[in-house]
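The values are calculated or read from the model by the stated rules, or taken from the named source; none is laboratory data. These numbers come from a predicted model, not from an experiment. Methodologically, a virtual Cβ is constructed for each residue, glycine included, from the backbone with ideal geometry; neighbour enumeration extends over all protein chains shown. When the accessible area is computed, the model is the full protein with side chains, heavy atoms only, and any ligands, DNA or RNA have been set aside. Shrake-Rupley method; radii C 1.70, N 1.55, O 1.52, S 1.80 Å.
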Amino acid sequence: MRDAKWADLLRQANNGHRDAYIAFLKQVAPVLRGVIQARSGGRHEDCEDILQNVLIAIHEKRHTWRENEPVSAWLYAIARYKTIDALRKSGRSRTTAFDGEEAQVADDNVIDPTAARDLDVLLTRLDDTSAAIVRQIKLQGLTAEEVGAQLNMTPGAVRVALHRAMTRLSAAVAEDDPETANQKAPT
Amino acid sequence: MNTNDLIASLGADMTPVRPGLLTNGVMLGLAGGTALTAVLFAVLWGVRSDPAAIYGNMPLLAKTLLPLALGAIALPWMLAQARPAGQSRTRHAIWALPAVLALLVAATLLTTPGPSWSMALQGKSIMTCLVSIPVLSAPILAALLVALRRGAPEHPMRCGMVAGLTAAGFAAAIYSLYCIENSPLFYGTWYTLAILGVAGVGAIAGRFALKW
């Protein structure tokens, strides 16, 4: 039984077994990807964003699973909630300029100076720690390990914070973009 | 960021989970909120001058026990609501409360003369009741909402509503020790209204405070 296997892995993970935890996430990710695709019918990259948010949510809320309850129902409930949430947000602000650029900013260490200036303005929207993480990793090219050592965080926590910050920035740009609002209005 | 990298990061960030993190937090919040409400009650309201009258008087006892039962039934329902796919098997017991209340009201209508009904309904403290129950609920509801932020409710609004029922149930039970109204017509109407009001506030607050 898949559920029993997952329950076993998550139980071990919650007891502190890192390998079991990573194995758990690797096993559930493709299944959740399917659930998210079926629910959203969205583009591939949207689904991947949602999946990553679901994985972060699983991580942050892993204490809400109780050992005597089925894991799949718990996982699907989280995936459902985060998918609906993402669809509602994107319904408010469909494709935005940042939708394409986010991938660039997220993956490239070479930053266009104008983009850097815009990013600086945007960073004022974040809390200080998140802004520092984005600035140091995206603008100064430091690694998560280096930033983590400075901020007294684990590299993993830094990467998760970075991912969250990028998502928030992307949402902030989407909200600001008046063109999107104008395009939406007539329909 | 690539999904496999994210999984590696999450793995690196993993720490063991303390079992009962959510439940313990909520119980602590409930205890703290209720303690604050009790202090507020002792200072500003106080127990009615004839507390002994409550024993042995069924409708009067019900005025305290029904809201207490509401709190006790809503609490596990609220905890289940705070977990993804959480199930509460006991939540349907909540329907027993309006049923018992309806029986008490019916018994009152059958045993008292018609002309006295309106006076019983109006009592002497409608406003006190409608203000006191929400005010006494506030510390409990606030503490519950803070504690529930550790949870992951699929329906934040519903979870907030049930938190409102929990808080109002315990607060109304405490308030009933002050309240000098004796008729089920009175408390069946005004307590219910006040409790539903707090549930509504809880729903609205939950919608914003319990998003995750």
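Numbers at a glance
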{"item": "In region B:61-99, the residues that are of a type outside the set (A, V, I, L, M, F, W, C), open to solvent by 50 Å² or more (accessible area, probe 1.4 Å) and closer than 19 Å to B:PHE186 by Cα", "result": "B:PRO98"}
{"item": "Extreme residue, farthest from the other protein chains (Cβ to nearest Cβ), among residues of region B:17-49 that are exposed (fewer than 12 other Cβ atoms within 10 Å of the Cβ) and outside any helix (DSSP H, G or I)", "result": "B:SER49"}
{"item": "Flag if B:ALA172 is modelled with pLDDT under 95 and either in a helix (DSSP H, G or I) or in contact with a helix residue (DSSP H, G or I) (Cβ under 8 Å, 6 or more places away or on another chain) (or both)", "result": "no"}
{"item": "A:LYS5 being more than 29 Å from B:THR23 (Cα to Cα), open to solvent by 70 Å² or more (accessible area, probe 1.4 Å) and assigned to a helix (DSSP H, G or I)", "result": "no"}
{"item": "Lone qualifier among A:ALA161, A:ALA171 - being part of a helix (DSSP H, G or I), modelled with pLDDT under 75, within 14 Å of chain B (Cβ to nearest Cβ) and surrounded by 17 or more Cβ atoms within 10 Å (Cβ to Cβ)", "result": "A:ALA171"}
{"item": "Region A:21-65, subset within 24 Å of B:THR23 (Cβ to Cβ) and free of Cβ contacts under 8 Å to residues at least 24 places away in the same chain, residue surrounded by the most Cβ atoms within 10 Å (Cβ to Cβ)", "result": "A:PHE24"}
{"item": "A:ASP19 being acidic (Asp, Glu), facing chain B (nearest Cβ under 10 Å) and assigned to a helix (DSSP H, G or I)", "result": "yes"}
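Yes/no matrix, rows are residues, columns are (1) in contact (Cβ under 8 Å) with a residue 60 or more places away in the chain; (2) more than 18 Å from the chain's Cα centre (by Cα):
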{"position": "B:GLY86", "(1), (2)": "no, yes"}
{"position": "B:TRP95", "(1), (2)": "no, no"}
{"position": "B:THR108", "(1), (2)": "yes, yes"}
{"position": "B:MET127", "(1), (2)": "no, yes"}
{"position": "B:VAL131", "(1), (2)": "no, no"}
